[in-house]
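Have a look at the structure below before the remarks.
The values are calculated or read from the model by the stated rules, or taken from the named source; none is laboratory data. Predicted model only: the values in this text are computed from it and were never measured. Please note: Cβ atoms are built from the backbone with ideal geometry, for glycine as well, and neighbour counts cover all protein chains shown. The protein model used for the area step is the full one, side chains on, heavy atoms only, and it has no ligands, DNA or RNA in it. Shrake-Rupley method; radii C 1.70, N 1.55, O 1.52, S 1.80 Å.
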Amino acid sequence: MSVRETVPIVIQTTDTVEQKRAFDYWRSTALARVDATMLAPDVPFTAGRRLAVSTHGVVLHTLSGPIGVERTAHHVRQDGRDDIAIAFLVQGGGFVEQGNSGALLSAGDITVHAMDQPFAIGSRDAYEEIRLQVPRAAFLAQVGNVPAFIGRKLRATPLSGLFATYLRSFSETVGGMTEAEAGIALEGVLHLLRALADGQGDQGDNDLSGEAVRSLALAHIERRLHDPAFGPESLPAALRVSRSRLYAAFTGDEGVAAKIRDARLDRAYRRLRSRTNGTRIGSVMANCGFTDAAAFSRAFRRRFGMAPRDVLEGRF
């Protein structure tokens, strides 16, 4: 009787190492082909990942603490990878940037990025993600032109829930499939993605709308919240757009500086309200890009009508 050969499963977890070594271990193993940064260094880091590695593609189901990932031109040259990643955010929130596109991400969002170009992606909260990495040829054949999708999130449609359910089911059952069965199931995922993406990938990189500029700017702001030196003056150069185009994208708001300040305050509020064991106001303030405790407290009170300590101690 022949043995039924199925898709191999690999488990990676920080549970096997000391807590103080957890992030370094994760960075050197699961994230060895990118640069990784802890986005909440005062929170004990934990992560786990289940990989199913088939000849048709790789399925990764990840649960991780807050982290930022950047794939640079150096990484691209070093490993020459050319696959396409399709990521579904199950829980949490984050950001993605690639080329002239970017977006803020929340639970239920789907985004695409290409491994042969630099990109940045991450989450400032604990998150769960299911990711499918497929050869570029398979993506081109089943979904469409790669540049039309990279660095952007797909808008929700009636098919979004079906896609999410199918992808989760595929992730959970692929370890019991043969290579041939996995190939058929993967084609099903890409077929649903094509239906979901129809009409959403028609914007060229060189013709950014005001909405696209705003989306890219918000993603970059989220990515840089921890850096106290980051401000509105550095955004145009970072996004490769003119100052006038950037500011026009925020017409109707208080301005780009206010958007950065409010994003920092909102992030601080979420961290304080989560009340992770050992949370300290000073470390939260610093990790959100504030350097002056008095100014942080005043701005926090103006935005939320209460002091940071009130939120930390649950008095709201």
Inset, instruction - Kindly check whether there is at least one residue in the range 228-247 that is more than 22 Å from the chain's Cα centre (by Cα), hydroxyl-bearing (Ser, Thr, Tyr), modelled with pLDDT under 85 and farther than 24 Å from GLY108 by Cβ. - result: no
Legend entry - Residues satisfying the stated conditions in the range 1-41, i.e. more than 21 Å from the chain's Cα centre (by Cα), in a loop (DSSP other than H, G, I, E, B) and over 27 Å from LEU186 (Cα atoms): MET1, VAL17, GLU18
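In the range 214-227, which residues are open to solvent by 60 Å² or more (accessible area, probe 1.4 Å) and farther than 17 Å from LEU105 by Cα?
Our first condition is that a residue be open to solvent by 60 Å² or more (accessible area, probe 1.4 Å); within the range 214-227, this holds for 214, 224, 226.
Within the range 214-227, just HIS226 meets the criteria.
Look through GLY92, GLY48, GLY57, GLY108 and report the one residue that is of a type outside the set (Phe, Trp, Tyr) and over 24 Å from ALA185 (Cβ atoms).
Numbers: GLY48 fails: over 24 Å from ALA185 (Cβ atoms); GLY57 fails: over 24 Å from ALA185 (Cβ atoms); GLY108 fails: over 24 Å from ALA185 (Cβ atoms).
Of the residues listed, the single one that is of a type outside the set (Phe, Trp, Tyr) and over 24 Å from ALA185 (Cβ atoms) is GLY92.
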Legend entry - Selected residue [touching a residue at least 12 places away in the same chain (Cβ under 8 Å) and over 20 Å from ASP125 (Cβ atoms)] from ALA294, ALA263, ALA258, ALA299: ALA299
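Tell me yes or no: at least one residue of the range 180-201 is basic (Lys, Arg) and modelled with pLDDT under 90.
If we filter the range 180-201 for residues that are basic (Lys, Arg), which is where we start, we get 194.
Filter once more, keeping what is modelled with pLDDT under 90: none.
No.
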Inset, instruction - Check off (1) β-branched (Val, Ile, Thr); (2) open to solvent by less than 20 Å² (accessible area, probe 1.4 Å); (3) closer than 30 Å to VAL284 by Cα for THR72 and give me the number that stays unchecked. - result: (2)
Inset, instruction - Within the range 7-46, count every residue that is at pLDDT 95 or above, touching a helix residue (DSSP H, G or I) at 6+ places or on another chain (Cβ under 7 Å) and within 25 Å of ALA182 (Cβ to Cβ). - result: 2
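Does GLY108 satisfy the criteria of being open to solvent by less than 70 Å² (accessible area, probe 1.4 Å) and over 29 Å from THR165 (Cβ atoms)? Write out each step before concluding.
On the way: open to solvent by less than 70 Å² (accessible area, probe 1.4 Å): yes; over 29 Å from THR165 (Cβ atoms): no.
Judged against the criteria, GLY108 is not a match.
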Inset, instruction - Among the residues of the range 228-259, count how many are surrounded by 13 or more Cβ atoms within 10 Å (Cβ to Cβ) and over 24 Å from GLY99 (Cα atoms). - result: 1
Inset, instruction - Could you give me the residue pairs with C-beta distances under 7 Å whose first residue belongs to the range 273-287 and is more than 11 Å from PRO308 (Cβ to Cβ) and modelled with pLDDT of 80 or more, whose second residue is aromatic (Phe, Trp, Tyr) and open to solvent by less than 30 Å² (accessible area, probe 1.4 Å) wherever it lies, and which are 6+ apart or on separate chains? - result: none
Inset, instruction - Give me a count of the residues in the range 1-12 that are within 14 Å of ARG50 (Cβ to Cβ) and either among the hydrophobic types (A, V, I, L, M, F, W, C) or open to solvent by less than 30 Å² (accessible area, probe 1.4 Å) (or both). - result: 4
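Here are some residues: LEU196, LEU192, LEU159. Which one is open to solvent by less than 10 Å² (accessible area, probe 1.4 Å) and in contact with a helix residue (DSSP H, G or I) (Cβ under 9 Å, 6 or more places away or on another chain)? Talk me through it step by step, then tell me what you get.
On the way: LEU192 fails: open to solvent by less than 10 Å² (accessible area, probe 1.4 Å); LEU159 fails: open to solvent by less than 10 Å² (accessible area, probe 1.4 Å).
Sole residue among the options that is open to solvent by less than 10 Å² (accessible area, probe 1.4 Å) and in contact with a helix residue (DSSP H, G or I) (Cβ under 9 Å, 6 or more places away or on another chain): LEU196.
Answer yes if at least one residue in the range 119-128 is surrounded by fewer than 17 Cβ atoms within 10 Å (Cβ to Cβ) and over 11 Å from the mean Cα position of the chain (by Cα), and no otherwise. If you could, list the steps in order and put the result at the bottom.
So the first thing to find is which residues in the range 119-128 are surrounded by fewer than 17 Cβ atoms within 10 Å (Cβ to Cβ), and the list is 128.
Cutting the leftovers down to over 11 Å from the mean Cα position of the chain (by Cα) gives us none.
Looking through the range 119-128, none of the residues is surrounded by fewer than 17 Cβ atoms within 10 Å (Cβ to Cβ) and over 11 Å from the mean Cα position of the chain (by Cα).
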Inset, instruction - Select, from ASP266, ASP262, the only residue that is open to solvent by 40 Å² or more (accessible area, probe 1.4 Å) and not in a loop (DSSP other than H, G, I, E, B). - result: ASP266
Inset, instruction - List every residue pair whose Cβ atoms sit under 6 Å apart, with the two residues 6 or more apart in sequence or on different chains, where the first one lies in the range 20-46 and is over 11 Å from PRO66 (Cα atoms) and touching a residue at least 24 places away in the same chain (Cβ under 8 Å) and the second, anywhere, is open to solvent by less than 80 Å² (accessible area, probe 1.4 Å) and acidic (Asp, Glu). - result: ARG33/ASP79; ASP35/GLU70
Inset, instruction - Filter the helices (runs of 4 or more DSSP H) completely within the range 136-241 down to those with at least 3 residues that are touching a residue at least 60 places away in the same chain (Cβ under 8 Å). - result: 160-173, 179-197, 210-223
